[in-house]
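A.B. asks: One structure is given below, represented as structure tokens, and several questions about it will come after.
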Amino acid sequence: MSLLVGPMQQHLNGHKDLTDHNEIIEVSPSKQVLIPLVCYGSNELELLVKENDKIKVGTKIALRNDKMIIPIFSSVSGTVVKVVKNMHDMLRPVDHLVVENDFQYEVEMPFNPLDPEKASPEELIDFMMNAGIVGLGGAGFPAYIKYKFAKDIHTVLINGVECEPYITADYRNMTDNIDKLIVGSKAMMKMANAKEVLIAIKETKQDLIAQLESALKDHSEIKVVKVPDVYPMGWERTVIYQVFKKRYDRLPGEIGVVVNNSSTAIAFANALLNGAPITQKMVTVSGDGIVKPSNILVRVGTPVSEVVAALGGYNAEEVNLIAGGPMMGKTMPNDTFVITVSTNAITVLRPQKFPDVACLRCGRCSDTCPAGLQPVRINEFEKARDVDSLVKLSALDCIECGMCTYVCPSRLEVTEGVRRAKRLIMAKKK
Ligand code: SF4
Ligand code: SF4
């Protein structure tokens, strides 16, 4: 692990006012949804339905059952059509299950609700596993694993920082679901055998902080912790250092902390209270390239082309379409990919044209990198395809935060070069 050096934090123009207080729009899929058959990077799933099966919202359609258990549920009611390859926001085609939507949205409860006050920590962990609750902060890691192996945990840290520009989905999810945030957080505290829950919120979100502090009056074990409005404060290592002034080597458990995203806590509460898996997502669709920037409620498997159309379409002939935010998201070749369980944002930006300028060797990218890397040198060795040097430079430690591109005065796509370097190392390892 490289050292954490550099200023690590920079205030960015958030553009959050494009969406944070707008009405939430429900976007319904048209005649078909394409549900990705991939879980946390693996497509080795058992398919539990077959062509022409009639299924409902909540029907378990597939299961990952190897070193981790992750069920996948249908987001609509209707008929199973077939499995097709479709572009995924991992930037490669993967299997998707096509379900013909009957527009009835008939619901099947795939598991019974569970009272978190009465359930044991073990029952809660099993429930979280069978409900398919994955981390909604981006990576989609199955949340139960953090608790199954938790030892000597004192604090559950709920990450509601959402530091990336444009994205306000967590903010709106919290303002609209504070009761569920409290239920999910308390259940997580019980599962970790922790003493307290801290909910990290940016100090600039005064309205949310006030709303939370009022709702938490009767819950002394849960507190709000205000953190600076800088990037990448939402990165696990950064927010933990900010709150606890401690660093860790591999996992936050080493310093007695479990971290979950605020939307994960809310989704967990929804499963506990209503027996409902994650079939719908709050997603921010924003940027200067979309007619109506909004937070939307959308079913998993809905094509992004339909989301864009529901928000009035693109407002420029050429746009950059990003799955995620502008810093950490992935630029997609077109809008045929679908909303997944992990999608939190779609960012649509008008391309900015900059003259080609060579690297000035200013060192700003290295000074700013929160992972303590030297992006400029990684880019050089990537171009030379020198894998040994890339490994020595710890290129795999890059969290793809996008800061090196953001600060580069030559407007070079430095992050893209580091991403390519990571892929090069991984390809060599195979
Ligand atoms: S994208 Fe990677 S290399 Fe660039 S600043 Fe972020 S962590 Fe460092
Ligand atoms: S910030 Fe840009 S110009 Fe400066 S060293 Fe890094 S790549 Fe070169």
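The values are calculated or read from the model by the stated rules, or taken from the named source; none is laboratory data. Computed from a prediction, not measured in an experiment: that's the story for all the values here. All Cβ positions, glycine included, derive from the backbone under ideal geometry; neighbour counts span all protein chains shown. The area values use the complete protein model at the heavy-atom level, side chains included, leaving out ligands, DNA and RNA. Shrake-Rupley method; radii C 1.70, N 1.55, O 1.52, S 1.80 Å.
A.B. asks: If a residue has to be within 18 Å of the chain's Cα centre (by Cα) and part of a loop (DSSP other than H, G, I, E, B) to count, how many in the range 215-231 make the cut?
C.D. replies: 0
A.B. asks: Return the residues of the range 387-404 that are within 7 Å of ligand 1 (Cβ to nearest atom), open to solvent by 20 Å² or more (accessible area, probe 1.4 Å) and touching a residue at least 60 places away in the same chain (Cβ under 8 Å); say none if nothing qualifies.
C.D. replies: Ile399, Glu400
A.B. asks: In the range 377-406, what residues are in contact with a Ser or Thr (Cβ under 6 Å, 6 or more places away or on another chain) and of a type outside the set (Asp, Glu)?
C.D. replies: Across the range 377-406, the qualifying residues are Phe381, Ser394, Gly402, Met403, Cys404, Thr405.
A.B. asks: What number goes with the only condition from (1) in contact (Cβ under 8 Å) with a residue 12 or more places away in the chain; (2) over 19 Å from Lys186 (Cα atoms) that Val258 does not pass?
C.D. replies: (2)
A.B. asks: Where residues in the range 401-430 are more than 10 Å from ligand 2 (Cβ to nearest atom) and of a type in the set (Lys, Arg), which of them is nearest to Gln10 (Cα to Cα)?
C.D. replies: For the range 401-430, the residue satisfying everything is Arg419.
A.B. asks: Moving on to the next point. Scan the range 162-178 and tell me whether some residue there is among the acidic types (Asp, Glu), surrounded by fewer than 20 Cβ atoms within 10 Å (Cβ to Cβ), touching a residue at least 60 places away in the same chain (Cβ under 8 Å) and in a helix (DSSP H, G or I).
C.D. replies: Yes, because at least one residue in the range 162-178 is among the acidic types (Asp, Glu), surrounded by fewer than 20 Cβ atoms within 10 Å (Cβ to Cβ), touching a residue at least 60 places away in the same chain (Cβ under 8 Å) and in a helix (DSSP H, G or I).
A.B. asks: Restrict the check to the range 384-400 and report whether at least one residue is within 13 Å of ligand 2 (Cβ to nearest atom) and of a type outside the set (Lys, Arg).
C.D. replies: Scanning the range 384-400 turns up no residue that is within 13 Å of ligand 2 (Cβ to nearest atom) and of a type outside the set (Lys, Arg).
A.B. asks: Quickly run through the range 98-146 and pick out the residues that are out of contact with any helix residue (DSSP H, G or I) (no Cβ under 6 Å at 6 or more places or on another chain), in contact (Cβ under 8 Å) with a residue 24 or more places away in the chain and not in a loop (DSSP other than H, G, I, E, B).
C.D. replies: Val98, Val99, Glu100, Asn101, Val107, Phe127, Asn130, Val134, Pro142, Ile145, Lys146
A.B. asks: Any idea which of Ala358, Ala384, Ala316, Ala345 is under 19 Å from the mean Cα position of the chain (by Cα) and either of a type in the set (Lys, Arg) or away from ligand 1 (no atom under 12 Å from the Cβ) (or both)?
C.D. replies: One residue alone meets the criteria, Ala345.
A.B. asks: Every residue in the range 340-373 that is touching a helix residue (DSSP H, G or I) at 6+ places or on another chain (Cβ under 7 Å), within 16 Å of ligand 2 (Cβ to nearest atom) and touching a residue at least 60 places away in the same chain (Cβ under 8 Å), please.
C.D. replies: Matches in the range 340-373: Ser366, Thr368, Cys369, Pro370, Ala371, Leu373.
A.B. asks: Right, another one. Considering only residues that are free of Cβ contacts under 8 Å to residues at least 60 places away in the same chain and either in a strand (DSSP E or B) or open to solvent by less than 40 Å² (accessible area, probe 1.4 Å) (or both), which ones fall in the range 77-97?
C.D. replies: Once the filter is applied, which keeps residues that are free of Cβ contacts under 8 Å to residues at least 60 places away in the same chain and either in a strand (DSSP E or B) or open to solvent by less than 40 Å² (accessible area, probe 1.4 Å) (or both), the range 77-97 yields Ser77, Gly78, Thr79, Val80, Val81, Lys82, Val83, Val84, Lys85, Pro93, Val94, Asp95.
A.B. asks: OK, next. Can you tell me which residues in the range 13-33 are assigned to a loop (DSSP other than H, G, I, E, B) and modelled with pLDDT of 80 or more?
C.D. replies: Across the range 13-33, the qualifying residues are Gly14, His15, Thr19, Asp20, His21, Asn22, Glu23, Ile24, Ser28, Pro29, Ser30, Lys31.
A.B. asks: Output the number of residues of the range 312-339 satisfying the condition of being surrounded by fewer than 20 Cβ atoms within 10 Å (Cβ to Cβ) and either hydroxyl-bearing (Ser, Thr, Tyr) or touching a residue at least 60 places away in the same chain (Cβ under 8 Å) (or both).
C.D. replies: 7
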